[in-house]
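Note sheet for the following structure.
The values are calculated or read from the model by the stated rules, or taken from the named source; none is laboratory data. Values in this document were obtained by computation on a predicted structure and should not be read as measured data. Neighbour counts run over all protein chains shown; Cβ positions are idealised from the backbone, glycine included.
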Amino acid sequence: MEVVCQGYRLYIEPVRLILHASNISFTETLAGGDQKHVYIINEEKLMISSYKEVINYACTRCFKSDQWRNDNPEDFCFDAIPFSDKNLPKLEQYYLKLADAIVAGNPPPSDPAEFLSEYVEILKEKRFLAGRAWTPCDIFLWEIIKTLDAIHQKPKIPELYKFCERLETLVPLRRYLVSSDSYYRPFTEKVPSIFMKRNEVFQKKLPAICHFVMSEGVLMASQKKLADSNELVEFCDHVPFSCYPKKISKGELTSLLEIQKKWNVLLNAMGRDFDWISHHLSSMIEREDFVRRLYNISKKCKAYPHTQKTFFAILRNDFMYHSLQNRWLQVEYNVIAITFMPFSDKLQRLHKQIAENYFEEQADYHLSENMALLEEGLLAAYNCYGNPKAIVLIIVLPKFETNIFEQRTIEKRLFDHGIHCIRASFEDVWKNHKFDESTGTLTVFGQEVGLVYMRAGYQPDHYVSEEDWKAREVIEMSRAIKCPTVDYQLINFKIFQVYLARDEVLARFVPKMEEREKIQENFAKFWELEDPKEIPKILALVEEDPSLYVLKPQREGGANNYFGQDIIDKFKTLSHEDLSTYILMEKIDSSPHIGFMVKNKNMVVSPCTSEFGVYGYILSDPEKMIKSNVGGTLVRTKPTSHSEGGITAGFGVLDSFIYE
Ligand code: ADP
Ligand code: MG
């Protein structure tokens, strides 16, 4: 089949989309003449030339295509076709009027929100217009929404953008949508694509934007050897960042922040339940040296009277949007060495200025106050210690620290309050400490330690010698407050996510069913790999489609997980003992959006997905929560070609969000 049209998007795009979504092969011949004049030369070499007939032809072919039937199993097909026949004319007519208005430089016909309200109602019930089956009506609705978005007239209705994300999960359609050809295609010769416009502005302003980011102090350090000597010199560059924020609806953000409040309570309750931790970690303690060592430290502290009983942690819950399931799923929660809090605030403010100054867009922002949250938490914890002369001990790795500016920003904020920090590795601590066993007081380099802020210590290779472990032990034994205490660190192991997914386990900490249901709304599916009898069944499941899973060890810090075929390889090569320390998780599939990602002052425009973190902190004593707060956010965006999105690990970029 041959589709003859102009190279623009207006009028022809719904035809392209219907054909792509149905996997119907066709060639596109670009012709001159009227943009509206689209025609198809079918397999019998007959020409179908009126717009209506072209659509009818594409629709009929689509319903007959194998792809359509695969996407829409038989049960759902029968009412989809009559639904489409009945509703398509109205959507098609609105789309054509909208296209005519754009060509004529007029505002959209009637009130878009009013026109779309009928479909929003249907979507609320059915997600896809005809229920679970997509039809050409969905394609027209999608194109109407995207066209309105391009002319900044899209009504702010969450159902509409969720619907778009859902439609974009159709595999052949996604393949088409993420090609640069389709996102750069202009609407008409006079109306460029928004991506092309953004790209032009960002390319032109890139040096300025990079320096704005740098002048805000959003920096990373690196070391390089000078050309003709062996001398190592420190350089700094901006943190990899995105130029344009990801969109999220206000309602979604509010509910993620609400959920974080519940997580604060839940994580504290878990971290305070040592018997429960001991029981659930028992096999992991046997098999994983790292877990065993941390656990033994915690146990030893329980027998020592002067260990600090006030616990503190900064938390971040990470979520990704699962487009097909239409919900945010928790990737993981983090209890230790939470990064990027100050930078995320700064990038968000910069994004706001970029939108206002370069695009004259008055977007709606929830300004993230991570630094204020962090400051509030750290000060509250420090003050609990009760000695205004005590220092904050920041535990870092002895190696060169790329994230030094972010850590120093926090140190500087404490300095503003007259609080001094000492950065030290475990080795430094071990060599330069004094521990008063009769009181539990820890001094390092001759100064009393009030708060220990762990920015290292979450991976086995952070402990290179027995002395490093001894340093960790003495820190934990002491009466200094820890961020986090080893008990909180123990519940950070990913296996706990699997346990929490069982209702009876969650019920121990969250007795009210409605509260539990709220938390469970974000749970992904997990498979435990403990029982050897289950492994062949689980492997068969993965082999069916490995792209649906992620295999995770009990590790933090990025780049530890296995995706796709690598999961099968691990299943086949690891002993059962070793495999049982991993968890298998459902892969969260977010529909990509187009990102403008900058690394080393170079911008890459590509399809990407975002992960959304929500920060909080908890400060508690054994009887009660002393203080708990939530509020800040972190958005990390990565190209879809990468499975993991860590920024320090080099995969993703720092991003922010705006409200839909
Ligand atoms: P880490 O402790 O190493 O940060 P995570 O569980 O956060 O471990 O995984 C690292 C990254 O891998 C995440 O930031 C995300 O990009 C990706 N990832 C993890 N779990 C999933 C999942 N279930 N679906 C899709 N991507 C995932
Ligand atoms: Mg993570």
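To keep it simple, each residue is scored yes or no on (1) away from ligand 1 (no atom under 12 Å from the Cβ); (2) under 21 Å from S180 (Cα atoms); (3) surrounded by fewer than 24 Cβ atoms within 10 Å (Cβ to Cβ); (4) without any contact (Cβ under 8 Å) to a residue 12 or more places away in the chain.
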| residue | (1), (2), (3), (4) |
| --- | --- |
| D589 | no, yes, yes, no |
| P592 | yes, yes, yes, no |
| V630 | yes, no, yes, no |
| T637 | no, yes, no, no |
| G645 | no, no, yes, no |
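Being of a type in the set (F, W, Y), at pLDDT 95 or above, away from ligand 2 (no atom under 16 Å from the Cβ) and surrounded by fewer than 20 Cβ atoms within 10 Å (Cβ to Cβ) is a property that F290 has.
Summed over the stretch 545-599, the residues that are over 18 Å from L324 (Cβ atoms), of a type outside the set (A, V, I, L, M, F, W, C) and out of contact with any strand residue (DSSP E or B) (no Cβ under 9 Å at 6 or more places or on another chain) give a count of 11. Of the candidates K552, K599, the single residue that is of a type in the set (D, E, K, R) and more than 30 Å from A372 (Cβ to Cβ) is K552. Tell me, yes or no, whether the stretch 477-488 has at least one residue that is touching a strand residue (DSSP E or B) at 6+ places or on another chain (Cβ under 7 Å), over 23 Å from D436 (Cβ atoms) and part of a helix (DSSP H, G or I). Checked the stretch 477-488: at least one residue is touching a strand residue (DSSP E or B) at 6+ places or on another chain (Cβ under 7 Å), over 23 Å from D436 (Cβ atoms) and part of a helix (DSSP H, G or I). Restricted to the stretch 54-127, the set of helices (runs of 4 or more DSSP H) holding at least 3 residues that are touching a Gly at 6+ places or on another chain (Cβ under 9 Å) comprises 74-104.
Here V550 meets the list (1) within 30 Å of C236 (Cβ to Cβ); (2) touching a Phe, Trp or Tyr at 6+ places or on another chain (Cβ under 9 Å) almost entirely, failing just condition (1).
Table: residues versus (1) under 17 Å from S628 (Cβ atoms); (2) modelled with pLDDT under 95; (3) within 16 Å of ligand 2 (Cβ to nearest atom); (4) surrounded by 21 or more Cβ atoms within 10 Å (Cβ to Cβ).
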{"site": "A303", "(1), (2), (3), (4)": "no, no, no, no"}
{"site": "F312", "(1), (2), (3), (4)": "yes, no, no, yes"}
{"site": "A363", "(1), (2), (3), (4)": "no, yes, no, no"}
{"site": "A380", "(1), (2), (3), (4)": "yes, no, no, no"}
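The residue that is farthest from ligand 2 (Cβ to nearest atom), among those in the stretch 645-660 that are of a type in the set (A, V, I, L, M) and assigned to a strand (DSSP E or B), is I658. Which one is nearest to Y488 (Cα to Cα) among residues in the stretch 590-630 that are within 16 Å of ligand 2 (Cβ to nearest atom) and not aromatic (F, W, Y)? Filtering first and then ranking leaves G616. Residue-level analysis places N560 among those that are within 16 Å of ligand 2 (Cβ to nearest atom), within 16 Å of E332 (Cβ to Cβ), at pLDDT below 95 and touching a Lys or Arg at 6+ places or on another chain (Cβ under 8 Å). Restricting attention to the stretch 557-612, which residues are aromatic (F, W, Y) and under 22 Å from the mean Cα position of the chain (by Cα)? Of everything in the stretch 557-612, those that are aromatic (F, W, Y) and under 22 Å from the mean Cα position of the chain (by Cα) turn out to be Y562, F563, Y582, F596, F612. For residues in the stretch 322-358 being within 16 Å of ligand 2 (Cβ to nearest atom), part of a strand (DSSP E or B) and not acidic (D, E), which is farthest from R166 (Cα to Cα)? In this case the residue turns out to be N334. Consider V510 carefully, then state whether it is within 16 Å of ligand 2 (Cβ to nearest atom), closer than 20 Å to L329 by Cβ, surrounded by 12 or more Cβ atoms within 10 Å (Cβ to Cβ) and of a type outside the set (D, E). No; evaluated as a whole, the condition is false for this residue. Checking the stretch 494-511 against the condition returns no match, with no residue being in contact with a strand residue (DSSP E or B) (Cβ under 6 Å, 6 or more places away or on another chain), of a type in the set (A, V, I, L, M, F, W, C) and farther than 30 Å from H576 by Cα. Of everything in the stretch 527-556 that is within 16 Å of ligand 2 (Cβ to nearest atom) and of a type outside the set (D, E), the residue that is farthest from F290 (Cα to Cα) is V550. Among the residues of the stretch 594-628, just one is more than 16 Å from ligand 1 (Cβ to nearest atom), over 24 Å from A221 (Cα atoms) and of a type in the set (F, W, Y), namely Y617.
Count, please, the residues in the stretch 140-195 that happen to be at positive phi and within 25 Å of the chain's Cα centre (by Cα). Qualifying residue count, the stretch 140-195: 0. Selection within the stretch 276-326: residues that are of a type in the set (A, V, I, L, M, F, W, C) and free of Cβ contacts under 8 Å to residues at least 40 places away in the same chain. The member of this set that is farthest from ligand 1 (Cβ to nearest atom) is A303. Can E467 be described as surrounded by fewer than 20 Cβ atoms within 10 Å (Cβ to Cβ), without any contact (Cβ under 8 Å) to a residue 24 or more places away in the chain and either in contact with a Leu (Cβ under 7 Å, 6 or more places away or on another chain) or part of a helix (DSSP H, G or I) (or both)? No; evaluated as a whole, the condition is false for this residue. Looking only at the stretch 16-62, residues that are among the β-branched types (V, I, T) and loosely packed, with under 13 Cβ neighbours inside 10 Å come to 3 in all.
Checking H420, H433 one by one, the residue that is surrounded by fewer than 17 Cβ atoms within 10 Å (Cβ to Cβ), on the phi < 0 side of the Ramachandran plot and modelled with pLDDT of 95 or more is H420 and no other.
Which of the residues spanning the stretch 389-406 are buried (at least 19 other Cβ atoms within 10 Å of the Cβ) and either in a loop (DSSP other than H, G, I, E, B) or of a type in the set (S, T, N, Q) (or both)? Those that are buried (at least 19 other Cβ atoms within 10 Å of the Cβ) and either in a loop (DSSP other than H, G, I, E, B) or of a type in the set (S, T, N, Q) (or both): A390, V396, N403. When the stretch 581-599 is filtered for residues that are touching a helix residue (DSSP H, G or I) at 6+ places or on another chain (Cβ under 7 Å) and among the polar types (S, T, N, Q), the ones remaining, listed by number, are T581, S591. Under the condition of being touching a residue at least 40 places away in the same chain (Cβ under 8 Å) and away from ligand 1 (no atom under 13 Å from the Cβ), the residues counted in the stretch 542-587 number 7. Scoring A524 on the criteria (1) at pLDDT 95 or above; (2) away from ligand 1 (no atom under 13 Å from the Cβ); (3) part of a loop (DSSP other than H, G, I, E, B) leaves a single failure, condition (2). Check F115 against each of (1) buried (at least 17 other Cβ atoms within 10 Å of the Cβ); (2) free of Cβ contacts under 8 Å to residues at least 40 places away in the same chain; (3) under 22 Å from F78 (Cβ atoms) and name the one condition it does not meet. Here F115 meets the rest and fails (3).
For the stretch 556-581, name all the residues that are under 21 Å from Q489 (Cα atoms), touching a Pro at 6+ places or on another chain (Cβ under 9 Å) and not hydroxyl-bearing (S, T, Y). Listed by number, the residues that qualify are N560, N561.
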